[in-house]
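J.: Okay, here's the structure, questions in a sec.
The values are calculated or read from the model by the stated rules, or taken from the named source; none is laboratory data. This one's a predicted model, so the numbers in the text were calculated from it and none came from an experiment. As a convention, Cβ positions derive from the backbone with ideal geometry for all residues, glycine included, and neighbour counts pool all protein chains shown. With ligands, DNA and RNA removed, areas are computed over all heavy atoms of the protein, side chains included. Shrake-Rupley method; radii C 1.70, N 1.55, O 1.52, S 1.80 Å.
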Amino acid sequence: MRALIVGISGVMGRVMQRLAGQNDFYIVAGCDSKTGKSALRQVDCDVVIEFAAPGATHDTLVYAVKNRIPAVIATTGHSQSRTEEIYAAAKEIPVFFDSNFSLGAAALAAAAKTVKKLLPSADVAIVETHRAGKKDAPGGTAKKLKAFLGNNADIFSVRLGDERGRHDVIFSLPDQTLVLTHKALSREAFARGAITAARYVLDKGAGLYTMENILYDA
């Protein structure tokens, strides 16, 4: 699988580079705000994977749609209008878009949704912890969990050190508490998830795909 990486010089772009050459995954080109958009002009690739700032997504989608190749959008913090642009592109090509590319985080969301059904009277809180300097608070994963659990779930955001990402979903009853936790131990969890997502959409038709597709199709 030959990939074009948007955000190649960023933290996640460098992680993707470390995984290149493994398990038939190859990076044939990369670009970002430092290197310019030249790689988006003409590259012979199977998929485009984006780990970048939200401002990059428009050009990524234009390139993917024009060249009829799948796009994996792993960038977070999009505005509503940019999110709608992602949905529009998914009507023409396969687009894999999620707030967290860790399979464990997807399993957490599924488990939390199940617990909510089993304990409908429980109070619910979501505590999300990320690295200091992460711009969006709450992050996309916490928002996704809240959407799964309903508007009564409160979100508490913590920005601390170099935390890779931790999410605790707390269900509180008068005499007991249940806590579901997912913690990313390495950024490779997200990079490997993005590679898995890229493989998943290679043979798919136009549409919007998420980590739940991988989880339930496994």
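J.: When region 1-33 is examined, which residues are found to be surrounded by fewer than 20 Cβ atoms within 10 Å (Cβ to Cβ), under 26 Å from Ala88 (Cα atoms) and not small (Gly, Ala, Ser)?
T.: Met1, Arg2
J.: Is it the case that Asp24 is over 18 Å from the mean Cα position of the chain (by Cα) and at positive phi? Walk me through how you get there before you give the answer.
T.: Values: over 18 Å from the mean Cα position of the chain (by Cα): yes; at positive phi: yes.
The answer is yes for Asp24.
J.: Still on this structure, I have one more. Would you confirm whether any residue within region 151-158 is without any contact (Cβ under 8 Å) to a residue 12 or more places away in the chain, open to solvent by 10 Å² or more (accessible area, probe 1.4 Å), more than 26 Å from Arg192 (Cα to Cα) and assigned to a helix (DSSP H, G or I)?
T.: No, because not a single residue in region 151-158 is without any contact (Cβ under 8 Å) to a residue 12 or more places away in the chain, open to solvent by 10 Å² or more (accessible area, probe 1.4 Å), more than 26 Å from Arg192 (Cα to Cα) and assigned to a helix (DSSP H, G or I).
J.: Given the criteria in contact (Cβ under 8 Å) with a residue 24 or more places away in the chain and farther than 13 Å from Arg2 by Cβ, does Ala29 qualify?
T.: Taking the combined requirement at face value, the residue does not satisfy it.
J.: From the list Ala147, Ala142, which one is within 21 Å of Thr75 (Cα to Cα) and free of Cβ contacts under 8 Å to residues at least 12 places away in the same chain? Before the answer, list the steps.
T.: Values: Ala142 fails: free of Cβ contacts under 8 Å to residues at least 12 places away in the same chain.
None of the other options fit; the residue is Ala147.
J.: Further question on the same structure: Counting only residues that are polar (S, T, N, Q) and farther than 21 Å from Ala112 by Cβ, which one in region 164-210 is least open to solvent (accessible area, probe 1.4 Å)?
T.: Here the answer is Ser186.
J.: Also, I was wondering about something else. If you check Lys144 against the conditions, is it in contact with a helix residue (DSSP H, G or I) (Cβ under 8 Å, 6 or more places away or on another chain), assigned to a helix (DSSP H, G or I) and within 30 Å of Ile69 (Cβ to Cβ)?
T.: Considered against the rule, which asks whether it is in contact with a helix residue (DSSP H, G or I) (Cβ under 8 Å, 6 or more places away or on another chain), assigned to a helix (DSSP H, G or I) and within 30 Å of Ile69 (Cβ to Cβ), Lys144 comes out as yes.
J.: Counting residues that are open to solvent by 30 Å² or more (accessible area, probe 1.4 Å), which strands (runs of 3 or more DSSP E) fully inside region 34-137 reach at least 1? Quick ask: steps written out before the conclusion?
T.: Working: elements: 47-50, 71-73, 94-97, 123-130.
Filter on region 34-137 gives 94-97, 123-130.
J.: Modelled with pLDDT of 95 or more, of a type in the set (D, E, K, R) and under 20 Å from Tyr200 (Cα atoms), is that true of Arg68?
T.: Yes.
J.: When you go through (1) at pLDDT 95 or above; (2) open to solvent by 60 Å² or more (accessible area, probe 1.4 Å) one by one for Ala147, which number turns out not to apply?
T.: (1)
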